[in-house]
Structure formats: C-alpha cells, structure tokens
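First the structure, in the form of structure tokens, and then the observations on it.
Quick note: the coordinates plus some simple rules give every number you see, no bench work behind them. Here the structure is a predicted model, which means the values were calculated and not measured. So basically every Cβ, Gly included, is an ideal-geometry build from the backbone, and we count neighbours across all protein chains shown.
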Amino acid sequence: MLEVSIFVSYVILSIALGLTFVRLVIGPSLPDRVVALEMIATLTVGFIAVYTLSSGVTAFLDVAMVLALTAFLAAVGFARLITKGGGVHHD
Amino acid sequence: MTDVVVSLFLLIGAGFMFVAALGLLRMPDLPMRLHATTKAGALGGGLMVIAVGLEFFGDVAVAARAAAIIIFIVLTAPIAAHLIGRAGYFVGLPMWSKTLKDELKDRYDPQNQVLLSPGEVSSEDKPDRDKAE
C-alpha cells in the first residue's frame, strides 16, 4: 500500500519537475525563472519527504529544512537584484 | 491504518504540487504564475511533510523537524512571492492582455518606490514626504 503510493508520488513529482523545468527554460523574463527556481526547491523538499518515507532515514529532514531556508534566501536575493535594475536590459 | 492515512497525505500533497507546476507552466503572466506556485506548492509540500511526521508517529525529533519545515515553508513562501511580484511589477513586465484592472498603476513613486495613499496625487510636487503627513 505505502510502497505503491510512494512510487506514484515519485512519478507525479517527476512530471511536475519536468513541467517546472520547461518554464525555467522558456520563461520569458528573469522573474518567471526565479519563480520556477523556487518551485523546483519546493519540489525537492517534497522529493526528500518521499525519500525519507521510502528509506526510513529521518536525518534527511534536516536537509529539507536547510533547503527550504536557502531557497527563501535565494528568492530574496534575486528579488533585490531585479529591483535594483540588474538582469534586465533597457534599450 | 497508518499506511492509509500516510498514503492519503502523500498523494494529495503530490497532487497539489503537480497542480502548482501545471499552473506555473500554463498561466499567462507573472502574478498568475506566482498565484499558482505559492499557495498550491506550499500546501503540497506541507502535506507531504505531514505524511512523514505521521509515518514516524511518536518520534519527537521527527515531529519537531516536520513542524519546523512546515512553519518555515508557510512563513517564507508568501514573503518570497511578494518580493518577486513586487520586483516584476517595478521592472514593468507586461500583464496578461485580458487583465481588467491594475490598481497599482500610477500609485508607485518611481524614484524611491514608495506606495502612495489613495488620497495623495503625484510625487513630483511633494518632494518632502515626511512633512506632508
């Protein structure tokens, strides 16, 4: 029962990661790509949760915690960069 | 019994994450993409971490970590979305062509990026904003 749902969760998260990666590649502007990066970080937290369930090693939850924190800091840094005028070319 | 509940949380969380990714790919402009990923993504991640906490039920260390992750996701996702959306609005990204109303139009001081009150008019004739209050 649990093995099947873990497998299904892996599949669903992999498809979601693929969709997010498409947006990361085609994203027309830098903020769209930042949103995609943040979504990838959230998806990775989900992957770590599923892997913690399938492996039984609870130490991976620390990794998920640090990853969530780092993704937030990256988003704040990117937002600051965009607001200050970097990354966008004015003609 | 525990397996059923854990599977339920896991699958619902994964489903919300899938919906978030789908919205990120399909929505037409930046605020709508933020709308899709912030709420659905945070809810999906929280549900999956809840599933982990229920699987190791009774383990205080796991429960504390799971609660910390959930609180952190729920606390930081809106702040990050607000910052990115604000930055995108200042850069002047084009909105969706069928957007009906932009209530922030002409409300932002372009120099110091301060939001004006509804009563205040423009920014050029009032250089000293603190004295006006």
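Are any residues in region B:33-65 of a type in the set (D, E, K, R), within 21 Å of residue B:85 (Cα to Cα) and at the interface with another protein chain (Cβ under 9 Å from one of its Cβ atoms), and if so, which ones? Within region B:33-65, B:33 is the sole residue that qualifies.
Restricting attention to region A:23-44, the residues being farther than 22 Å from residue A:67 by Cα and either facing chain B (nearest Cβ under 7 Å) or not in a helix (DSSP H, G or I) (or both) number 3.
Considering each of A:73, A:13, A:19, A:67 in turn, give the residue that is loosely packed, with under 14 Cβ neighbours inside 10 Å and within 15 Å of the chain's Cα centre (by Cα). The conditions single out A:73.
Scanning region B:56-94 for residues that are crowded, with 23+ Cβ neighbours inside 10 Å and out of contact with any Pro (no Cβ under 9 Å at 6 or more places or on another chain) yields a total of 7. Checking the structure you have, find out if any residue of region A:47-57 is out of contact with any Phe, Trp or Tyr (no Cβ under 6 Å at 6 or more places or on another chain), of a type outside the set (A, V, I, L, M, F, W, C), crowded, with 22+ Cβ neighbours inside 10 Å and under 24 Å from residue B:15 (Cβ atoms). No; the residues of region A:47-57 include none that is out of contact with any Phe, Trp or Tyr (no Cβ under 6 Å at 6 or more places or on another chain), of a type outside the set (A, V, I, L, M, F, W, C), crowded, with 22+ Cβ neighbours inside 10 Å and under 24 Å from residue B:15 (Cβ atoms). Each residue in region A:47-74 was checked for being more than 9 Å from chain B (Cβ to nearest Cβ) and outside any helix (DSSP H, G or I), and 2 of them qualify. Counted as qualifying within region B:1-100 are the helices (runs of 4 or more DSSP H) with 3 or more residues that are without any contact (Cβ under 8 Å) to a residue 12 or more places away in the chain, namely B:2-26, B:60-91.
With at the interface with another protein chain (Cβ under 9 Å from one of its Cβ atoms) and closer than 18 Å to residue A:75 by Cβ as the only criterion, which of B:30, B:11, B:25 stands out? None of the other options fit; the residue is B:30.
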